[in-house]
Structures are given as C-alpha cells and as structure tokens.
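A quick write-up on the structure given underneath.
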Amino acid sequence: MIQQSLLLAMTFSLYWAQAIGQNPIIRDQFSADPTARVFNDRIYLYPSHDILAKPGQGRPGWFCMEDYHVFSSADLSSWTDHGMIVTQNKVAWVRPDSYSMWAPDCVYRDGKYYFYFPSMPADTLQHGRGFNIGVAIGSKPEGPFIPEATPIKGVKGIDPNVLIDDDGQAYLYWSAGEIFGAKLKPDMLTLDSEVSTLGELPSKGLKEGPFVFKRNGIYYLTYPHVENRIERLEYATSRSPLGPFKVTGVIMDESPSGCWTNHHSLVQFRNQWYLFYHNNDYSPAFDKARSVRADSLSFNDDGTIRKVRPTLRGIGVTKASDNIQPDRYSDIAGNGVAISFLDTLHKFDGWKTSLSSAGAWIRYNTVMFEKKYKSIVVRARSTSNGTLLIRSSGSDGPVIAKLKIPAGEWREVRQQLLKSPTRMTDLFIQLDGKEEVEIDWIKFR
Ligand code: FUB
C-alpha cells in the first residue's frame, strides 16, 4: 500500500503550472463541471478534464474525459495546477478505456480528503451498466489520492456531491435523470439510508449536477435543468437536507454561446460568495470541450439568490504589473469594439480586442496599483497608426496614458504614464480618432 501511495505521489505531482484569473480560469487545457471548495484558507477547484477524442480514445462528438487535475488559488487571480490526481487506468473498478471521468466533488472529514467521481465500471455483471460513483482518499487537498477498489454500493448515476451537515451527518447527492440523495456512514464510503428521489423538482427537461449547500438554516439544492433548449442553473430550497424542496429560482440563464451543459458549484471565500460554472469559451464549435468560469454571487435579505450575469472579467484582483487582457472585459461601449481569437488555429493563445470607431472603449475592472508606476506597455498592432487613451476610474476619467501604435505587425509599445493610479481602479482603454487598433494585453512598469 505504501509503495502504491509513493508511486501515485510521484506520478501525479510532477505537473505544476500557473494560470492568471479572468474567465475562463484555466487557460491551457479544457476544464468543466467545477466544484470549488475552501480548505486551509485556499480555494481548491476540482473540475472535470475534457479532452478531444482521438481514434481509439473515446467517442468522437461526445464527452471524452480520462483524468482529473486539481487547481488552487489563494487570491482568485493566480491559479496553480497541481497536476493529475486520478486517472481512469489507475482505478481498479473503472473501465480503462471508457473516458468517462465526469463531474467530481471533494470534501474534507477528520483529516482526510474524499474525492468523489463518476465513471463506467469495467465489470458490468458486478456493478451493472451505466455509471457508478467511486471515491479516492488523500491526506492533502491536492492529493495524492488513492482510489478505493470498488464504487459505492447502491448508487448508479453521475455528478456526485457531498454535504456534511452541522451535526456531522454527511449526505451524498447524485443524478440519473432525477436527483437522488442518501445519508453516508462516517466512513464516507457507504450509504447509511434508503435512497431518496428529491422532490418537488421540475418533472420535464433533464436535471443533473446537484450541488447542495446550507446557509442560515436553509438547504439549497442547485442544479442544471433544461427548461427550454439547453441547461440553465436553477435552485430549490428546503428546511431539510433530503427535501422536499421547493423550486425557488434561476441562478444563471442559458448561455448565449449555446453550450448545452452548464455545471456549477457555489462557495463562500473570505465573506464573498462565488459561482463556478462552465462554458465552451475555447471551443465555440464543439460544446463538449468546456472551460471553467467564476463570477461573484450574492443573496437577497430573504435568502433568495440574485441571478448571476456571466462576465468575461470574472473574479479576483488583477495586479497592474500583470498582463491585463482587456478582451476579458467588465463592460464594453457598444459599436466599434470586437473580441476575437488571436489565432483561430491556436485558441489557447487567447483573444484580442479590436477598437475601430472613434471613442469606442472597453472597461477592465479591479486593477491594483499597489505603488506608483512609471510606464505602460501595450502589445498591440494597427493598420494605420491608431492612438489609444488609457483612462482610470471612468470612461471620462483622467487620461493616464496616450499611446501611438505604429502601423505594422504586433509589437510592444512602451509609453511614460501621465499619472499613475495608486490604489484599486477600473481601467478604460479607448480609441482616440478612428484608426483601428488591436490589443493583446497591457501592463504597467
Ligand atoms: O461533464 C459531463 C457531464 O456534462 C456532467 O456530468 C454533467 O453535469 C454535464 O456537465
């Protein structure tokens, strides 16, 4: 057993990379179905890991997921990829070529981290057809995790989610057409009650992806549901963890991108609530290659959830010295602003902003100037010597820099600041005149 743990630790802790905040959060691979948890004053993200099927690896045109990575952040801006934590061919009960490592969850209890994940069993005679739910156990939130040899008995379905109530009782929720729930034994591996079908939820349209949390004595059952054409995020409330629940509202509308699935979690981190969800940002033409996003969320006084408007800016404070991506904007001034991929063949390279009409601007919020900066560097290009104004605070706020972008290819243009902000501010990047400018990023020095 010790040898197996060491081997897994060595295999799985080799990968360590950083991503900067903004949406989508993970910028070098696909990611979906995010469960965000707070452990030790750090936020941990347990998403699924979409990959593209190849001949003999997964089913073309469908979800294809081989393993899981875990990510973490102390500030919601800078995310660390701790690498792969569980993979299909290292779990004894999983069919190693099923590529079905769907939406996971992870909870902490008594010194251990329990990572729950669905997949297809290798032995359908023993476990039945369709999905089972397994558990892998670790002593740190980033792993290594050691998978249990068999899935949880009595559970067939996907999208596991665990709530540990204030009295210590744990509940497992999952979906399989309906949403189900049951008590878990203190071992966190065995059901301790009959399975309940949670009601009263919408009877028409797929429901899946349950995420249950408790706030001020109210149990919130949140779930993606196809009310119309694609999934939107809804919630129901109850005074009891297994219901009956009352349908209460919509957390997020269907995505204009048309991404058929959405899948989410809610988490409170340092007094602010956040919604983690996904969209197909890096794969507009194929919605089974998704990317995790996050936005702030708040409650009304009566406990109802305010609907979340998805943003590209996302969450977290951006440092003035970081590469700030205006294409991940907070606001846009209508005509004359367009966002597109830098290179449609390499979408993980990200996006650019094009400003093409006089006065057009784009706003990027919450940039921290922790000191006075001297200059700005902009990676940009223009076909005809365009000029940019950088303003702070508002679209008619003080101009802190004016830059001429010489006609030609992408280049880094550096310019002295007219004035440096010295605290948190919103930045407005505005076209002066009407000669088009394309911007990749800006940063302060
Ligand atoms: O990621 C595969 C499946 O898509 C999840 O299990 C569902 O919740 C949906 O997001």
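The values are calculated or read from the model by the stated rules, or taken from the named source; none is laboratory data. Because the structure is a prediction, the values reported are computed rather than measured. For neighbour counting, all protein chains shown are included, and Cβ atoms are generated from backbone atoms with ideal geometry for every residue, glycine included. In case anyone asks, the SASA skips ligands and DNA or RNA and just uses the protein heavy atoms, side chains included. Shrake-Rupley method; radii C 1.70, N 1.55, O 1.52, S 1.80 Å.
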I'm told residue 316 meets every condition in (1) among the small types (Gly, Ala, Ser); (2) part of a strand (DSSP E or B); (3) touching a residue at least 60 places away in the same chain (Cβ under 8 Å) except one. Can you identify the failing condition by its number? (2)
All-but-one check, residue 86 against (1) under 22 Å from the mean Cα position of the chain (by Cα); (2) in a loop (DSSP other than H, G, I, E, B); (3) among the aliphatic types (A, V, I, L, M), failing number (2)
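Residue by residue, here is whether (1) within 20 Å of residue 413 (Cα to Cα); (2) of a type in the set (Val, Ile, Thr) holds:
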position: 308; (1), (2): no, yes
position: 321; (1), (2): yes, no
position: 340; (1), (2): no, no
position: 357; (1), (2): no, no
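In the stretch 135-215, which strands (runs of 3 or more DSSP E) lie fully inside it and hold 1 or more residues that are away from the ligand (no atom under 16 Å from the Cβ), open to solvent by less than 60 Å² (accessible area, probe 1.4 Å) and aromatic (Phe, Trp, Tyr)?
Details: elements: 145-147, 158-164, 170-176, 178-184, 211-215.
Hits in the stretch 135-215: 145-147, 170-176, 211-215.
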Whichever residue in the stretch 92-122 is within 22 Å of residue 212 (Cα to Cα) and of a type in the set (Ser, Thr, Tyr) and, among such residues, is farthest from the ligand (Cβ to nearest atom): 108
Here is a list of conditions, (1) in contact with a strand residue (DSSP E or B) (Cβ under 8 Å, 6 or more places away or on another chain); (2) open to solvent by 20 Å² or more (accessible area, probe 1.4 Å), and residue 105 meets all of them except one; can you say which number that is? (2)
Only residues that are in contact with a Ser or Thr (Cβ under 8 Å, 6 or more places away or on another chain), surrounded by 22 or more Cβ atoms within 10 Å (Cβ to Cβ) and assigned to a strand (DSSP E or B): list them for the stretch 111-132, please. 113, 118, 119, 132
Within the set of pairs 6+ apart or on separate chains, which have a first residue in the stretch 62-85 that is of a type in the set (Gly, Ala, Ser), a second that is within 16 Å of the ligand (Cβ to nearest atom) and part of a strand (DSSP E or B), and C-beta atoms under 9 Å apart? 72/45; 73/45; 83/69
Give the residue that is farthest from the ligand (Cβ to nearest atom), with candidates limited to residues of the stretch 272-282 that are assigned to a strand (DSSP E or B) and open to solvent by 10 Å² or more (accessible area, probe 1.4 Å). 272
Residue 78 touching a Gly at 6+ places or on another chain (Cβ under 8 Å), at pLDDT below 95 and either exposed (fewer than 15 other Cβ atoms within 10 Å of the Cβ) or of a type outside the set (A, V, I, L, M, F, W, C) (or both): yes
Cβ pairs under 7 Å, 6+ apart or interchain, first in the stretch 319-347 and within 19 Å of residue 284 (Cα to Cα) and without any contact (Cβ under 8 Å) to a residue 24 or more places away in the chain, second open to solvent by 60 Å² or more (accessible area, probe 1.4 Å) and charged (D, E, K, R), ordered by first then second residue, are 341/347; 343/349
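Does residue 377 satisfy the condition of being in a strand (DSSP E or B), touching a Lys or Arg at 6+ places or on another chain (Cβ under 7 Å), touching a residue at least 24 places away in the same chain (Cβ under 8 Å) and open to solvent by less than 40 Å² (accessible area, probe 1.4 Å)? Walk me through it before giving the result.
Working: in a strand (DSSP E or B): yes; touching a Lys or Arg at 6+ places or on another chain (Cβ under 7 Å): yes; touching a residue at least 24 places away in the same chain (Cβ under 8 Å): yes; open to solvent by less than 40 Å² (accessible area, probe 1.4 Å): yes.
The answer is yes for residue 377.
Residue-wise test of (1) within 13 Å of the ligand (Cβ to nearest atom); (2) over 13 Å from the mean Cα position of the chain (by Cα); (3) part of a loop (DSSP other than H, G, I, E, B); (4) exposed (fewer than 15 other Cβ atoms within 10 Å of the Cβ).
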| position | (1), (2), (3), (4) |
| --- | --- |
| 23 | no, no, yes, no |
| 27 | no, no, yes, no |
| 30 | yes, no, yes, no |
| 35 | yes, no, no, no |
| 45 | no, no, no, no |
| 52 | no, yes, yes, yes |
| 59 | yes, yes, yes, yes |
| 63 | yes, yes, yes, no |
